[in-house]
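Structure first, commentary second.
The values are calculated or read from the model by the stated rules, or taken from the named source; none is laboratory data. Just so it is clear, the model here is predicted, and its values are computed rather than measured. Neighbour counts run over all protein chains shown; Cβ positions are idealised from the backbone, glycine included. Only protein heavy atoms, including side chains, enter the accessible area calculation; ligands, DNA and RNA are left aside. Shrake-Rupley method; radii C 1.70, N 1.55, O 1.52, S 1.80 Å.
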Amino acid sequence: MVTHRCVEICSMFMMSYLPGSSMPSDTKVTIYYGPLAWFNEKLENREWVSLLEITYELDEANRRHTHVLQGQEAPVPESPPSRLKRVVAESNDYASLNEHVITNFAGLIRSINPEYLYLHNPPAQMQEQLVRSFSATEVQRYEYPAVTRETLIRFRDGFANHLVGQVAVKELLLAALYPLTTERQTKPVVLMFYGPSGVGKTETAQFINDLLGGTLLRKQFSMFHNDKFASYLFGGAHAEASFARDLLDRESGVILIDEFDKANTVFHSAFYQLFDGGVFEDKNYSVRLGSSLIICTSNYKSENEIREALGDALHSRFDALIHFQPLSPAEVVQVIDRLLDSRFSRLTAEEQSRLDLDGIKTILYPLAGKAENVRKLGKIVNEVISLVLVRAMLGEQAPTADPDLREESRAS
């Protein structure tokens, strides 16, 4: 959307872009907090100019201006360019702005003096400046899809199709989700899913999110074991990634914090205000979640272990602790059947003709008493199917339920 208009107007306002500038402006400012797709819808395909490109042109024009004049008086433009209609900045743009632009953002906007300014998820400092400097400043927040009675019905009726076993989990989750259907719920419902790995914790969170829509915001805390985790949680430079900015940019009302038990205890304090009141603040951003759903997963074995690991202050802020049980041998057989059906449906007709599903089940069923992790089962199913297909491709004898093949599947 950027045109030569950026360059055209630079000479008009680059001299006026000074810290503390008091140039009057009737710019109408609208700040949008929510996902980028929603922000783009609000722009309604109208023509606009990027604020980021304007700042680039300003810096370049200022360098050219300083170099050419060298003590000479600046020429006065014969006819000042027309006023910009709409200036826009998206969430990722702020990371490219210099610190002096952030700290004197209102002065920059007064210098540019557009008719309309549209900002997507700006840092808190920017919003504070604009509210003080421009009387016509409006803040709009995205309304995430709410949990309704229909949501609970679809969750109840579809649970068994998405997850094997865990009947108690279904009932506990229905009770935990109910407050989100009421108007009195103004803060997030915060849940802890605990139990062994690979029994459906993450899949359940994804299932709930699919019922509400939008891309699930999922953060795996096992990935953060370096110095950058502190700045990610508490805020660092504007150019750095941050949890707060990810919360602002999210598309879904469901937030999944996977492997919460892997985070160092020094970071637990970052979640007190978020879990308690639905507000998350760091050095740069402030986020209000409202009646959303926060799901943390862990491999804790009991509620006592959770309390001992997290401490009473954080443990007490969870609305419900939901235990996912290990899979029984009969449930593992159900998982194997589902995995085989799913993988088989994605094969070509030629590949399907080469497979004997009953024979493969004979190979895999003995693993039911040994494999409790669904992710490991998926890997084994894939490898056995691939082994059958590659032997067929190479003209070798089709495998049967012999000890060697069972051993191959176990070794995988």
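Accessible-area rank, largest first, for 340, 211: 211, 340, with all protein chains present and a 1.4 angstrom probe. Measuring between alpha carbons in the structure, the pairs from 187/301; 201/301; 187/376; 42/219; 301/376 lying more than 25 angstrom apart are 187/301; 187/376; 42/219.
Converting the Cα gyration tensor eigenvalues of segment 94-181 into ellipsoid dimensions via √(5λ) gives semi-axes, longest first, of 48, 15, 11 Å. Accessible area per residue for segment 206-298 is 39 Å², calculated with a 1.4 Å probe on protein heavy atoms, without ligands, DNA or RNA. Share of carbon and sulfur in the accessible area of segment 83-180 stands at 47%, probe radius 1.4 Å.
With +1 on each Lys and Arg Cβ and -1 on each Asp and Glu Cβ, how big is the dipole of segment 170-322 about its Cα centre, in debye rounded to the nearest 20? Present the calculation step by step, with values, prior to reporting the outcome.
On the way: 15 positive and 20 negative charges, 26 e Å.
Using only the charged Cβ atoms, the result is roughly 120 debye.
Using heavy atoms of the protein chains and a probe of 1.4 Å, the accessible area assigned to residue 202 is about 30 Å².
Find how much the distance from residue 28 to residue 337 grows on full extension, using 0.36 nm per residue of separation minus their present alpha carbon separation; answer in nm with one decimal.
105.3 nm
In segment 273-358, the ratio of gyration radius to Kirkwood radius, Rg to Rh, stands at 1.24 when only Cα atoms are counted. Seen from a random direction on average, the alpha-carbon convex hull of segment 83-124 projects onto 2.9 square nanometres.
Farthest toward the positive end of the dipole of segment 267-364, out of 339, 273, 360, is the Cα of 273, where the dipole comes from beta carbon charges about the Cα centre.
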